[in-house]
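The next block holds one structure in the form of structure tokens; read it before the comments.
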Amino acid sequence: MARAFLHIAALIVAGLALASGARADELVPYKVIGDTIPQPLTGTPGDPARGRALVVARTTTCILCHSGPFPEARFQGDLAPDLTGTGNWWSAGQLRLRLVDASRYNPQTIMPSYYRDDGLVRVGRNFAGMPILSAAEIEDIVAFLVTLRN
Amino acid sequence: MIFWHAIAAATLLAAAPALLAGEIPPDARRSGYSFMGPDTRAMQDDDTSNPGMLFVLDGEALWAKKTGSSDKACADCHGDARSSMKGVAARYPAFDKVLARPVTLDQRINLCRANHQQAPALPYESGDLLALSAFVAHQSRGVAITAGDDPELKPFVAQGRDLFMQREGQLNLACTNCHDDNFDKRLAGAPITQGQPTGYPLYRLEWQTLGSIERRLRSCMTGVRAQAYDYGAPELVALELYLMSRARGLPMETPAVRP
């Protein structure tokens with residue numbers, strides 16, 4: 001029991017505190033149309049397999065809050081909707097806006113803006129001036145989320 | 001399906017202000033203890049299995065030990081801690097008239113060392129400081145928290161409250177987002193509590209040692225990828241003070257055990 005707790009706690013700390021791979025110097029410009037960003041952020045299409053791996057990785061932070069069809073991920077969150085079926089009702093453009101800056105869609109949301117580097121307070125030294133995810137990582141995750149259909 | 005989601009989103013928007021106001025009413029305040037499993041509770045409840053009690057015993061020895069160039073022990077001024085220190089921790093952080101600001105129990109211990117014992121300050125999170133503050137706070141076990149009642153503390157409680165409500169870090173989350181609006185939910189499978197400060201210093205299984213509330217607050221800040229305040233920083237003291245005033249009426253548990 002105590003051991004299980006310890007394990008969970010360690011995972012949270014690792015999950016929340018580790019830097020992601022994002023090292024973009026400048027954000028790729030994008031255009032919001034309605035509730036979407038219709039154009040991909042990169043020239044190369046996203047890779048759904050890489051996207052799945054990113055969503056399941058604790059360092060990306062998604063499953064700290066969300067759950068989904070990820071049987072191998074033992075500890076998932078319930079602060080946010082289950083991601084099962086996401087591709088049924090959201091388009092790639094809508095998902096891209098969600099990930100880039102969910103607060104554009106719901107100003108009160110607790111979901112972080114994954115592709116934003118301004119307007120934030122007291123960002124840790126190791127993370128200052130960079131988005132949580134790179135443009136390529138956003139595209140990989142979008143490519144994966146649209147496959148979540150049932 | 002798309003419609004359903006649009007409706008859900010609209011409801012979310014409409015409901016948001018009420019949620020944001022979401023301070024926990026006094027009768028709904030719950031210690032982190034009530035979120036724990038039976039094994040961890042049992043560990044805290046039984047002094048012979050509570051690892052924090054070893055620090056309390058160390059603290060008891062330090063209380064009676066003469067130190068510094070004045071060669072005085074805490075006990076030489078304060079006598080038997082069982083009576084003189086009862087209820088003290090439940091009132092900390094407390095306003096210090098000379099410094100004109102609130103000081104934490106750790107800071108008070110170091111002020112006594114400097115002013116009355118002529119001894120060097122004990123570093124934050126050092127074994128001796130944790131042991132002394134655990135011993136002192138243990139004398140308040142079961143005493144209801146009243147910290148923050150002093151009118152001179154008002155602006156500092158307000159500062160702490162503002163910090164609690166402030167979104168911060170790369171993940172852009174405020175303390176209130178987790179500890180007012182989402183307690184009882186799970187972050188990656190682990191229960192989120194109300195973040196009540198009732199048990200400090202406490203033994204965390206994750207740390208495998210005793211730690212202060214400042215250590216805990218710094219790890220929540222690091223968790224949202226914010227730059228944590230330094231130990232003893234006025235902002236951390238204000239946050240601790242706000243947390244204590246928010247916990248008004250809850251009994252002290254030092255030394256608590258947490259997962």
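The values are calculated or read from the model by the stated rules, or taken from the named source; none is laboratory data. Remember, it's a predicted structure, so these values are computed and weren't measured experimentally. Here the Cβ positions follow ideal geometry from the backbone for every residue, glycine too, while neighbour counts run over all protein chains shown.
Among A:R98, A:R122, which is the only one that is modelled with pLDDT of 95 or more and at positive phi?
Answer to the selection: A:R122.
Tell me which of these B:R248 doesn't satisfy, since it passes every other one: (1) within 13 Å of chain A (Cβ to nearest Cβ); (2) at pLDDT 95 or above.
Answer for B:R248: the failing condition is (1).
So, B:D181, is that one on the phi < 0 side of the Ramachandran plot and assigned by TED's automatic domain parsing to the domain that holds B:T40 or not?
Numbers: on the phi < 0 side of the Ramachandran plot: yes; assigned by TED's automatic domain parsing to the domain that holds B:T40: yes.
Taking the combined requirement at face value, the residue satisfies it.
Just for region B:206-229: of the residues that are within 13 Å of the chain's Cα centre (by Cα) and of a type in the set (G, A, S), which one is farthest from the other protein chains (Cβ to nearest Cβ)? Steps first, please.
Initially, region B:206-229 is screened for residues within 13 Å of the chain's Cα centre (by Cα), giving B:210-220.
Narrowing further to those that are of a type in the set (G, A, S): B:211-212, B:219.
Numbers: B:G211: 12, B:S212: 17, B:S219: 7 Å.
Among residues in region B:206-229 that are within 13 Å of the chain's Cα centre (by Cα) and of a type in the set (G, A, S), the one farthest from the other protein chains (Cβ to nearest Cβ) is B:S212.
Counting only residues that are aliphatic (A, V, I, L, M) and within 12 Å of another protein chain (Cβ to nearest Cβ), how many does region A:96-119 have? Steps first, please.
Filtering region A:96-119 for residues aliphatic (A, V, I, L, M) gives A:97, A:99-100, A:102, A:110-111.
Still in the running and within 12 Å of another protein chain (Cβ to nearest Cβ): A:102, A:110-111.
Adding up the residues that qualify gives 3.
Based on this model, can you work out whether A:G77 counts as surrounded by fewer than 17 Cβ atoms within 10 Å (Cβ to Cβ), among the small types (G, A, S), assigned to a loop (DSSP other than H, G, I, E, B) and free of Cβ contacts under 8 Å to residues at least 24 places away in the same chain?
Working: surrounded by fewer than 17 Cβ atoms within 10 Å (Cβ to Cβ): no; among the small types (G, A, S): yes; assigned to a loop (DSSP other than H, G, I, E, B): yes; free of Cβ contacts under 8 Å to residues at least 24 places away in the same chain: yes.
It is false that A:G77 is surrounded by fewer than 17 Cβ atoms within 10 Å (Cβ to Cβ), among the small types (G, A, S), assigned to a loop (DSSP other than H, G, I, E, B) and free of Cβ contacts under 8 Å to residues at least 24 places away in the same chain.
Kindly indicate whether any position in region B:146-153 is assigned to a loop (DSSP other than H, G, I, E, B) and among the charged types (D, E, K, R).
Step one: list which residues in region B:146-153 are assigned to a loop (DSSP other than H, G, I, E, B), which gives B:146-150.
Still in the list and also among the charged types (D, E, K, R): B:149-150.
Yes; the residues of region B:146-153 include at least one that is assigned to a loop (DSSP other than H, G, I, E, B) and among the charged types (D, E, K, R).
From B:T193, B:T146, B:T176, which residue is in contact with a Leu (Cβ under 9 Å, 6 or more places away or on another chain) and either under 21 Å from B:G249 (Cα atoms) or surrounded by fewer than 20 Cβ atoms within 10 Å (Cβ to Cβ) (or both)? Spell out the reasoning first.
On the way: B:T193 fails: in contact with a Leu (Cβ under 9 Å, 6 or more places away or on another chain); B:T146 fails: in contact with a Leu (Cβ under 9 Å, 6 or more places away or on another chain).
Going through B:T193, B:T146, B:T176 in turn, just one is in contact with a Leu (Cβ under 9 Å, 6 or more places away or on another chain) and either under 21 Å from B:G249 (Cα atoms) or surrounded by fewer than 20 Cβ atoms within 10 Å (Cβ to Cβ) (or both): B:T176.
Yes or no: region B:25-43 includes at least one residue that is under 30 Å from B:D149 (Cα atoms), within 14 Å of chain A (Cβ to nearest Cβ), under 22 Å from the mean Cα position of the chain (by Cα) and assigned to a loop (DSSP other than H, G, I, E, B).
Yes, region B:25-43 contains a residue that is under 30 Å from B:D149 (Cα atoms), within 14 Å of chain A (Cβ to nearest Cβ), under 22 Å from the mean Cα position of the chain (by Cα) and assigned to a loop (DSSP other than H, G, I, E, B).
For region B:77-91, does any single residue satisfy the condition of being closer than 17 Å to B:I213 by Cβ and among the hydroxyl-bearing types (S, T, Y)?
Of all residues in region B:77-91, those closer than 17 Å to B:I213 by Cβ come to B:88-91.
With among the hydroxyl-bearing types (S, T, Y) added as a condition, the list becomes none.
Scanning region B:77-91, I find no residue that is closer than 17 Å to B:I213 by Cβ and among the hydroxyl-bearing types (S, T, Y), so the answer is no.
Quick one: what pairs do we get from region B:39-62, first residue within 15 Å of B:L202 (Cβ to Cβ), second of a type in the set (S, T, Y) and surrounded by 13 or more Cβ atoms within 10 Å (Cβ to Cβ), C-beta under 6 Å, 6+ apart or different chains?
Matching pairs, first to second residue: B:P51/B:Y203; B:G52/B:Y203.
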